[in-house]
Amino acid sequence: MARIVLPLLAALALLAGCGGDDAPSAEESADAQALLEKAFSKQVDSADLKLDMKADLEGLDQLKGPVSVSLSGPFKSSGEDQLPVLDWDLKAKFAGQTIDAGMVVTEDNAYVSFRGQDYEVGEQVFEQLKSSFAKQRKQAGGQQSLKQFGIDPTDWLKDPEVEDGQDIGGDSTRKISGDVDAEKVVEDVLGALRSPALRRQLESQGQAVPQVNEADVEKVTDAIEDVHFEVNVDEDGVARRMFAEVEFKVPDGADAGDLEGGKVTFEFVLEKVGIDPEIEAPSDPQPLSSLLGQLGLGGGLAIPQQQ
């Protein structure tokens, strides 16, 4: 799972970059590149994660301040092509509102929490979700990285360097940072929208495939002003922390509504890895149809149809 989540977060934030004042030597860059490649390919079967994201967007007064999202909790792999078990809490703040939610996945069911109430997905629907997940994984050849979509984060940094990093969960780390090839990142991320792997996933869920062109790449690249990016890797080669801060400005004439620019930050941390969490079903959950009805989504749950 971490091999999907970490590169995806990088794809959202690594759109430009600035490194230190002193360029690293060729040998130092090679060591940093090797460490980065190992970190993005390392399998993490279980961990206790924490994700914090915040966006300060200029021009969108209706948001009434920054937008923030935090996610935390443990997960553990259930095996190849299987849904992981997990217990995640989610908190989102936007437009002056705070929403508390969460998700629990056990070996035989799933549950959603919303504003303090738990809701049961149900074993029948859960089996459909498991089947759909397994099918999508098999269609992707069992891969768990973004390379299947044409995205390779290890090619984004120019002249990366390594230095001592902070301890995370009692484990020492080394920090990787450096300049980022903005155009390469944007080409990868937007180009992924044309990949057969993503097209299959979107179409299987009944979603339209976005269309992108070279002009889109240029527009996004021009909008990025600055970014700070770093990854902390432990002694086992696991990416334990990723931090990015991106500043952007919407170019004159761009079709972005009232949005003028802003700053987006996130921090993703694996506090502990190799854990064996006890994931338990919540007591006395209501049926999920009750929540969907409250949200005006009807009493059913749409499940991707098997081909």
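The values are calculated or read from the model by the stated rules, or taken from the named source; none is laboratory data. All of these numbers come straight from a predicted model, not from anything done at the bench. We place every Cβ from the backbone using ideal geometry, glycine too, and count neighbours over all the protein chains shown.
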### Query
Taking the range 74-100, which residues are of a type in the set (A, V, I, L, M, F, W, C) and touching a Lys or Arg at 6+ places or on another chain (Cβ under 6 Å)?
Leu83, Val85, Ala95
#### Entry: Long-range neighbours under 8 Å by Cβ, at least six apart or interchain, first residue among the acidic types (Asp, Glu) within the range 66-84, second not in a strand (DSSP E or B)
Glu80/Arg137; Glu80/Gly142; Asp81/Phe133; Asp81/Ala134; Asp81/Arg137; Asp81/Lys138; Asp81/Gly142
### Summary
Just one listed residue, out of Ala47, Ala39, Ala101, is part of a helix (DSSP H, G or I) and of a type in the set (Gly, Ala, Ser), and it is Ala39
### Task
Working carefully through the options Lys54, Lys50, Lys76, find the one that is of a type in the set (D, E, K, R) and surrounded by 17 or more Cβ atoms within 10 Å (Cβ to Cβ).
Lys76
### Message
Tally up the residues in the range 151-177 that are under 21 Å from the mean Cα position of the chain (by Cα) and either assigned to a strand (DSSP E or B) or closer than 18 Å to Glu245 by Cα (or both), please.
### Response
7
### Query
Only one residue in Val212, Val231, Val217 is within 25 Å of Lys42 (Cβ to Cβ) and either in a strand (DSSP E or B) or at pLDDT below 75 (or both), so which one is that?
Val231
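Yes/no per residue for (1) within 26 Å of Thr106 (Cβ to Cβ); (2) modelled with pLDDT under 90:
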position	(1), (2)
Phe248	no, yes
Asp255	no, yes
Asp258	no, yes
Ala281	yes, no
Leu295	yes, yes
